[in-house]
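These notes are about the structure you will find just below.
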Amino acid sequence: MLLANIVVAVLAFRDDHGYQLLLLVYGAETLVIAVLNLPKMLIVAATRPRPQVGVNQALSGIVGVLIGLWIYAVALGFLLMLAFVGAGMLGWAFDFDARSGRALQLPEGDGLSTATAAWAVGLLAMSHLVSFVANFLVRGEFRSASLVLLLVQPFLRTGLLIALVIIGAILGAAKPAIAAATLFTALLVVVKIASDVIAHQAERARLRPGSVRAGRAHRAG
């Protein structure tokens, strides 16, 4: 996770639109986190003990299907919400960059490179995938996780990140000269890494096998 953030920071510093690259990539990272949460919910739903609804197994199956549909509806709503936020932030980036006299052009010219952005998002996605395999699967977090906890987990995991993107865009719109400074980009990187560390440790504490929170949520879910 730390290595991926450092590489993304290097790519941002090499780009003429460093802080905008970071805002775009960090916004896309929220979608990555939401997408990776879907297989977590499916794994937990598939491995958790089946509720016994009397002796009628058909009714139990119907309940399972309804729970699955509800999970998908909530997850889809969350993804759409993030997509709208990301589209709005990207449109805002185009707008305030044009008003500052440095039109953002994709993918040619001296504007933001889509290839650079794609590499950056890919690196962060890979780091989250590694964490998913190492922590959720190998270390067995799925055994103590619950559907209830996983439904709110993306909100908890991306809260600080979304706040950083919004605040960074607001500052960039209000003070484009300051936002263009290398120090502003560096500040975004430092705050992002700090928020990642905090959110990652909090997530591990919530999903750690045998933890009090995970045990309570598992019984509730």
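The values are calculated or read from the model by the stated rules, or taken from the named source; none is laboratory data. This structure is a prediction, so every number in the text was calculated from the model and none was measured. Please note: Cβ atoms are built from the backbone with ideal geometry, for glycine as well, and neighbour counts cover all protein chains shown. What goes into the accessible areas is simple: the full protein's heavy atoms, side chains included, and nothing from ligands, DNA or RNA. Shrake-Rupley method; radii C 1.70, N 1.55, O 1.52, S 1.80 Å.
Numbers for the structure displayed
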{"read-out": "Lone unmet requirement of (1) out of contact with any Ser or Thr (no Cβ under 8 Å at 6 or more places or on another chain); (2) at pLDDT below 85 for VAL130", "value": "(2)"}
{"read-out": "Residues (open to solvent by less than 30 Å² (accessible area, probe 1.4 Å) and either small (Gly, Ala, Ser) or touching a Leu at 6+ places or on another chain (Cβ under 7 Å) (or both)) located in region 137-163", "value": "GLY140, GLU141, SER144, ALA145, SER146"}
{"read-out": "Candidate set from region 123-135 (those that are under 16 Å from the mean Cα position of the chain (by Cα) and open to solvent by less than 40 Å² (accessible area, probe 1.4 Å)); member that is nearest to ALA46 (Cα to Cα)", "value": "PHE132"}
